[in-house]
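All of the numbers you see were taken from the coordinates with simple rules; none came from a lab. Everything numeric in this text was worked out from a predicted model, so none of it was measured. Every residue, glycine as well, gets a Cβ built from its backbone with ideal geometry; the counts of neighbours run over all protein chains shown.
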Amino acid sequence: MTDNVQSVGLPDERPPANTVGPIAWLRSNLFNSWYNAILTILVLALLVSAIPPFVGWLLVNAHGFDSTSTVCRQDAGGACWGFIGEKLRFIMFGMFPWDEQWRPLLTICVFIALLVASCDRRFWKPWFGLVWAAGLTLVAILMWGGVFGLTYVENTLWGGLPLTIILSVIGLAVAFPVSILLALGRRSDMPAVKVLCVTYIELIRGVPLISLLFMASVMLPLFLPNGVSVDKLLRAQIAFIMFAAAYMAEAIRGGLQAIPKGQYEAADGLGLSYWQKMRKIILPQALAIAIPPLVNTFISFFKDTSLVIIIGLYDLLGTAKAALSDPSWRGFYREAYLFIGVIYWIFCFSMSKYSQKLERDLNRGHRR
Amino acid sequence: MKSGLLAAAAAAVVITASAAAGAATLDTVKQRGFVQCGVNAGLPGFGNPDSAGNWTGLDVDYCRAVAVAIFNDPNKVKFTPLSAQQRFPAIQSGEVDLLSRNTTATLTRDTSVGLNFAPVTYYDGQGFMVPKKLGVKSAKELNGATVCVQSGTTTELNLADYFRANNMTYNPVVIESNDEVNAAYFAGRCDVLTTDVSGLAGTRAGVAPVPEDHVILPEVISKEPLAPAVRHGDDQWFDIVKWTVFATIQAEEFGINSKNIDEFANSKNPDIQRFLGTSPGMGKALGLDEKWAYNTVKKVGNYGEIFDRNVGPGTPLKLERGLNALWTKGGLMYAQPFR
């Protein structure tokens, strides 16, 4: 009987080469049909023709950070990183007094530290508000000065990365609570509140940001009495807050509408007041749902701060453009835009990555 | 967090209530301690920040000249970078005392926009640039040419007028952004590039791969007199700006510059004595120190020095004096008499 049973195992056969391994992967993913094969070849051809010249320009033929514009112009085959070397401090800090530029540098560090700390959910406690208040006070002291022996620097001289960060962080921080109120107001049963919120949101969303900025910077001074002026940076900041609040309110409203009616009724059944209900039951769920559209707004808003260039404020893009208008350094716009593009990308990509993590953490209960 | 934000916001609201509306600008400026000057946010050679963030340029130097005439200090001036759209509201609303931002003086701006234009500090005009290898010597030879031009500007209209007036045809390549117009020209998409001559010179010097391969034709087909401006309603302030510009031009005519000005202190020429304030009267008439013109030339320079320093042949822009030479040398720079 046992003769029928093979007692010695056969040697393991490798699966056919065309079903596993890199070749199979290529076949099933890149060459699985004739049109995909053609596309693959076309894309490869494109990459082969584009990447070597780009790398050559970017690195191989490039001039170092200490090169001069004359040298770069004589041999224009590569990037001229001397432009960044020469203009780095101007692009990063704008017109801030040269000897005091450690202050905006420290400001950037304070902001990044605050933002990184805020990402940790262990710090999401009421006392962390005090940390923020302290951080912002420190930033105000660093940027304005005038106390502790620091020279006073008026905010017309602020520029570069600190300005971009201040506009977007303060803008978003103020706009966020406002937008929650607007979203709640829009869903309110009280007609006056509802009409007010709907009108505000639709009015602001109906005009381009650029026209709001123009209104704030060009029209407003004409309405004020002669000699009375509201600070230009503040005007831009308020325009940004108004704009961001309207957009975020709509993102949050989406979250509110996704909460099942039973949640509202259960909260009412527990005898919670309106604000208790919102704070403890509805908003925590609604905001978690609204994370993707909110982060979308954050990211686009961070980049939109570059529009302040049209009202004569030098944000990161503005300083790069102004640096290009130096008669000795004209025409190096590829280097300038690539450089600030990388800075923008780092910020936006971190936001996006963090929001994905947050979404996973907050939506654990919903995962199936 | 909120309290911190509120404090920051409150500190940021700077409400500077000056004396009653219509008060003399000079008094306001003296009280404030500096001149508010509107400049271009970035025009090479006319108004641009250098690597250390200091403002430089021909327009910028006229802001400094006015500051010197009043305070004898070229740093008592605050620059407000303005976009093209912002510049008129800024001067109308009193946000700036002086607009020195490559602004073309025109009738409507003088009247309905409510500006008073000081003497012209730079005579510009639209011109043509062609590659040298075409061998074109005059704009009259451009019949049938392909012309790169920026859209939505008076440049485009002037171009059409010029070719029609001369019975010539052309193919426009109309592009919106200035950088791309330049790129199109250098890529060979058109035979001719047209914009203001100062812009052409700047492009040739700063953007052209080989500047010597391009020539700017002698014809100038439009008038663009660029002048500082103040708002209507304060004649004394207007006089100060106007005569500060004249002082730089007059100094060059006298042969006085920032280096040799002290050699003229004992000059017997009554014109020079009045100019330098050694025989008084001129300063008082303007409401300024008698040494105002001396200080201006000493600290900022005469017109020729300002021109050479910012846009002249020794700078990357390499502009020739042309129309901006003194009237005695065939240009248009002419100061009214100091008496």
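At-a-glance table
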{"quantity": "Principal axis box of the stretch A:213-354, alpha-carbon based, largest edge first, Å", "calculated": "72, 45, 16"}
{"quantity": "Chain A: projected area of the alpha-carbon convex hull, averaged over directions, in nm²", "calculated": "34.5"}
{"quantity": "Surrounding net charge for A:Leu209, when Lys and Arg each add one and Asp and Glu each subtract one, Cβ distance under 14 Å", "calculated": "+1"}
{"quantity": "Whole-Hz ³J(HN,Hα) from phi, Karplus 6.51 cos²θ - 1.76 cosθ + 1.60, for the stretch A:322-333, glycine and proline x", "calculated": "5, 4, 6, 8, 5, x, 7, 10, 6, x, 9, 6"}
{"quantity": "The stretch B:74-162: radius of gyration over Cα atoms, expressed as a fraction of 2.2 N^0.38 Å", "calculated": "1.49"}
{"quantity": "For the stretch B:275-287, Karplus couplings with θ = phi - 60° (6.51, -1.76, 1.60), whole Hz, Gly/Pro x", "calculated": "4, 7, x, 5, 10, x, x, 5, x, 4, 4, 8, x"}
{"quantity": "The stretch B:186-322: Rg to Rh, with Rh as the Kirkwood radius over Cα pairs", "calculated": "1.11"}
{"quantity": "Hull volume in cubic angstrom per residue (convex hull over the Cα atoms of the stretch B:84-127)", "calculated": "87"}
{"quantity": "Radius of gyration, Dmax [the stretch A:97-152; alpha carbons; angstrom]", "calculated": "13.0, 39"}
{"quantity": "Built amide H within the under 5 Å cut-off of B:Ser258, gap 5+", "calculated": "B:Asn302"}
{"quantity": "Across the protein assembly as shown: Cys residues that no other cysteine approaches within a C-beta distance under 4.7 Å", "calculated": "A:Cys109, A:Cys119, A:Cys197, A:Cys348"}
{"quantity": "Rg/Rg_globular for the stretch A:79-210, with Rg_globular taken as 2.2 N^0.38 Å and Rg from C-alpha atoms", "calculated": "1.38"}
{"quantity": "Cut-off 10 Å between beta-carbons: net charge of the residues surrounding A:Phe90, Lys and Arg +1, Asp and Glu -1", "calculated": "-1"}
{"quantity": "10 °C / 1.306 mPa s Stokes-Einstein diffusion coefficient of chain B, Kirkwood radius on C-alpha pairs, µm²/s", "calculated": "73"}
{"quantity": "Distance cut-off 19 Å, percentage of C-alpha pairs in the stretch A:1-112 lying past it", "calculated": "74"}
{"quantity": "For A:319-326, mean number of other protein chain Cβ atoms within 10 Å", "calculated": "6"}
{"quantity": "Pairs of alpha carbons in the protein assembly as shown whose separation is greater than 47 Å (percent)", "calculated": "33"}
{"quantity": "For the stretch B:126-222, convex hull of alpha carbons as volume per residue, Å³", "calculated": "82"}
{"quantity": "Whole-Hz couplings from phi, Karplus 6.51/-1.76/1.60, listed for the stretch A:81-92; x for Gly and Pro", "calculated": "6, x, 4, 5, x, 6, 9, 3, 5, 5, 5, 6"}
{"quantity": "For the protein assembly as shown, share of DSSP beta bridges that run antiparallel, in % to the nearest 5", "calculated": "50"}
{"quantity": "Long-range HN-HN contacts of B:Tyr170 with modeled amide H, under 5 Å", "calculated": "B:Gly144"}
{"quantity": "Under-5 Å amide H pairs with B:Asn116, H placed in peptide plane, nonlocal only", "calculated": "B:Val230, B:Arg231, B:His232"}
{"quantity": "Residues of type lysines that B:Lys298 reaches as a straight line, Cα spacing below 27 Å, ignoring anything fewer than 8 places off in the same chain", "calculated": "B:Lys30, B:Lys76, B:Lys78, B:Lys242, B:Lys259, B:Lys268, B:Lys284, B:Lys318, B:Lys329"}
